[in-house]
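Asker: Take this structure first; my questions come after.
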Amino acid sequence: MRSVTDKNEIIRNIEALVRERLKDAEGGHDWQHIHRVRNLALHIAESEGADLFVVELAALLHDIADSKFHSGDEEIGVITAEKIMDGFLIPPGIKEEVLKIIKNISFRSEIGGKVYDSPELCAVQDADRLDAMGAIGIARAFNYGGSKGREIYNPEIPPKELNSTDDYKSRISPTINHFYEKLLLLKDMMKTREGKRLAKERHEFLELYLY
């Protein structure tokens, strides 16, 4: 166990660990995604009065073990993040808040109805969703679809309204459908004022691209 008390040192060490863990990750969920989300989340958190240490930890660890790349295991991300925080002696209250954010950050977790809320979750969640929008969101969508061997577009497979987590997890469709099934919905799911402001332009870019 490491004995680390300085918050800045904890962040530096966890950042280094995450960069190493994700060095071979799929391009849409790699260190650069984490880096962008961290910066956006901190920017949003400052205007929301959220705890910046909690926000930064959650942003760094939110995709440390994404279920999409671990046979759909919904628990592995939380378990992995908890082990990392235990290694740095993160206080229990902060650790629990970070784990709640990781459990509730995803789009699919909100399909069945929101179960948890906090200023810190809203900041990290909005940042993560913003990174799925605009030019970078388009690039990430096609990179992920290509990594899974999915079609770019197939007019015989229309987009589907997803009403449950199971619908979302089981859906295998062309990447263009993903815009209608998720990406275009994100603007109206933003929780913070700054998130909503930033989402407007990125949403318009998605619409322009599809046009």
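Asker: When the range 23-67 is examined, which residues are found to be of a type in the set (D, E, K, R) and within 20 Å of Ile10 (Cβ to Cβ)?
Answerer: Hits for the range 23-67 are Arg38, Glu46, Asp51, Glu56, Asp63.
Asker: Would you confirm whether or not the range 102-109 contains a residue that is β-branched (Val, Ile, Thr), over 15 Å from Arg36 (Cβ atoms) and in a helix (DSSP H, G or I)?
Answerer: Looking for residues that are β-branched (Val, Ile, Thr), over 15 Å from Arg36 (Cβ atoms) and in a helix (DSSP H, G or I), one finds at least one in the range 102-109, hence yes.
Conditions tested, residue by residue: (1) under 15 Å from Lys182 (Cα atoms); (2) at pLDDT 95 or above; (3) surrounded by 19 or more Cβ atoms within 10 Å (Cβ to Cβ).
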position	(1), (2), (3)
Ser106	yes, no, yes
Ile111	yes, no, no
Lys114	no, no, no
Pro119	no, yes, no
Leu130	yes, yes, yes
Ala141	yes, yes, yes
Asn163	yes, no, no
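Asker: If you check Glu151 against the conditions, is it under 27 Å from Tyr209 (Cα atoms), acidic (Asp, Glu) and surrounded by fewer than 18 Cβ atoms within 10 Å (Cβ to Cβ)? Give the derivation first.
Answerer: Values: under 27 Å from Tyr209 (Cα atoms): yes; acidic (Asp, Glu): yes; surrounded by fewer than 18 Cβ atoms within 10 Å (Cβ to Cβ): yes.
Answer is yes for this residue.
Asker: To continue, here is another question. When you go through (1) in a helix (DSSP H, G or I); (2) of a type in the set (Gly, Ala, Ser); (3) modelled with pLDDT under 95 one by one for Ser3, which number turns out not to apply?
Answerer: Single failed check for Ser3: (1).
Asker: Can you pull out the residues in the range 135-159 that are among the small types (Gly, Ala, Ser) and either touching a strand residue (DSSP E or B) at 6+ places or on another chain (Cβ under 9 Å) or part of a helix (DSSP H, G or I) (or both)?
Answerer: Ala135, Gly137, Ala139, Ala141, Gly145, Gly146, Ser147
Asker: Let me ask another. Return the only residue of His70, His29, His33 being at pLDDT below 95 and either within 19 Å of Ser118 (Cα to Cα) or touching a Gly at 6+ places or on another chain (Cβ under 9 Å) (or both).
Answerer: His70
Asker: From the list Ile11, Ile44, which one is buried (at least 20 other Cβ atoms within 10 Å of the Cβ) and either modelled with pLDDT of 95 or more or under 13 Å from Ile64 (Cβ atoms) (or both)?
Answerer: Ile44
The values are calculated or read from the model by the stated rules, or taken from the named source; none is laboratory data. All of these numbers come straight from a predicted model, not from anything done at the bench. Ideal geometry is used to build each Cβ from the backbone, glycine not excepted, and the neighbour counts take in all protein chains shown.
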